[in-house]
Structure formats: structure tokens, C-alpha cells
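What follows is one structure encoded as C-alpha cells, with my remarks underneath.
FYI, it's all coordinate maths here, none of it is from the lab. None of the values given here were measured: they were computed from a predicted structure. All Cβ positions, glycine included, derive from the backbone under ideal geometry; neighbour counts span all protein chains shown.
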Ligand SMILES: Cc1cc2nc3c(=O)[nH]c(=O)nc-3n(C[C@H](O)[C@H](O)[C@H](O)COP(=O)(O)O)c2cc1C
């Protein structure tokens, strides 16, 4: 089974977790970036607004061909109780038919219905979600949330 972790990050938590997960399951890694600047107060406010409104955003083009992968893991931060819009925009561009999908989100403390939202978009792109997790990062030591990510990856790879 060939696996790929696709993630978006603003502040690095999802990136660190994506790398830990990829190492555990021996996956390749693809970072999604968007054109909008999400830094600073205005970037923060606009990020929350775009996520709450489930806006389609403009991505920096990623040319990765995913056709050779059997399993794809999508990782995203939570903004305004929704997945960061970059990951949803990216999922919507992909053909995920015949692929096993795993979703993971990094959150301060609460992700609302984000995993359901991601699952809906994955289904519309033809994929089959086999597992998902939300991982808290607020007031959690980095080593602890990365441990949670690693344990999740160890569990999930038994389903491939
Ligand atoms: C604009 C914005 C909105 C956020 N909204 C939420 C939220 O609704 N619920 C939550 O638990 N955390 C929220 N957070 C916290 C992030 O989800 C959390 O810090 C996550 O670990 C960030 O991932 P990253 O470091 O990969 O960007 C928000 C962060 C930002 C920047």
C-alpha cells in the first residue's frame, strides 16, 4: 500500500504531526499552500471568516500526481470550528475514487463538525474514509500531541 500525507498548516502543529504520521506509516508527504497571507491579526481574522463561510481559496499550485497512491491522509488545522479551507479546496480538486482516506485535524480544543465536513468532501471526490481523529494542541505539550498522532498512525496502518 502506497500512502501519501497531504496537509496544510498555519502555525506548524499540523506539519509536525503530518511528519510523525508519515514516518510511522512510511508515507510520502505533500504540503498544501495558499496564496492568501494568514499571518498577523488581519490574517487571523480573515482565516476564521473564510473557514466559517467554507470559502473556496486559491492554492499555490501543487503538481503532485496522486494516482499511484492507495491511501491518502489529509491533515488540517481547525479554524472557527471548521477545517482550514485550503484542505477542503484541495480535496475538491482530486479524484479519490478507489482510495482509502484518513483525516486528521489539529485544534485548540474544539473542532465542531469538522471531521464530518471533511468526510462529505472526500465522499464527493469518490474516496472512502476509513478513520479520522481530532488532536488537541492548546495547553498540550508538543511531545504529547505528537505521541497521540503517532499512536493513531500505528492503529490506522493496520486498516490499510
Ligand atoms: C484563525 C484561527 C481560528 C481557530 N479556531 C479554532 C477553533 O474554532 N477551535 C479550536 O479548537 N482551535 C482553533 N484554532 C486553533 C488551531 O486549530 C490550533 O492551534 C491548531 O493546532 C493550529 O494548527 P497549525 O499549527 O497546523 O496551524 C484556531 C486558530 C486560528 C489561527
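Projected label points at residue 23 and residue 41, each 7 Å from Cα along the beta carbon direction, are separated by 3.8 nanometres.
With both residues required to sit in the range 22-106, DSSP beta bridges show an antiparallel share near 35%. Computed packing ranks the peptides 53-63, 127-137 as 127-137, 53-63, most packed first, by mean other Cβ atoms within 10 Å. For a test of the definition: using alpha carbon positions, the gyration tensor, and the 1.5 limit on a/c, classify the range 3-159 as rounded, prolate or oblate. Oblate. Expressed to the nearest 5 percent, the antiparallel share of DSSP beta bridges inside the range 3-159 is 15 percent.
Springs between Cα atoms under 10 Å define the GNM used for the chain, and in it the highest mean-square fluctuation of 42, 119, 107 occurs at 42.
When peptides 3-15, 29-41, 92-104 are sorted by average Cβ neighbour count within 10 Å, with the highest value leading, the order is 3-15, 92-104, 29-41.
Run the numbers for residue 154 and residue 109: contour at 0.36 nm per residue of separation, minus the present Cα-Cα distance, in nm. This chain segment gains 13.9 nm when fully extended.
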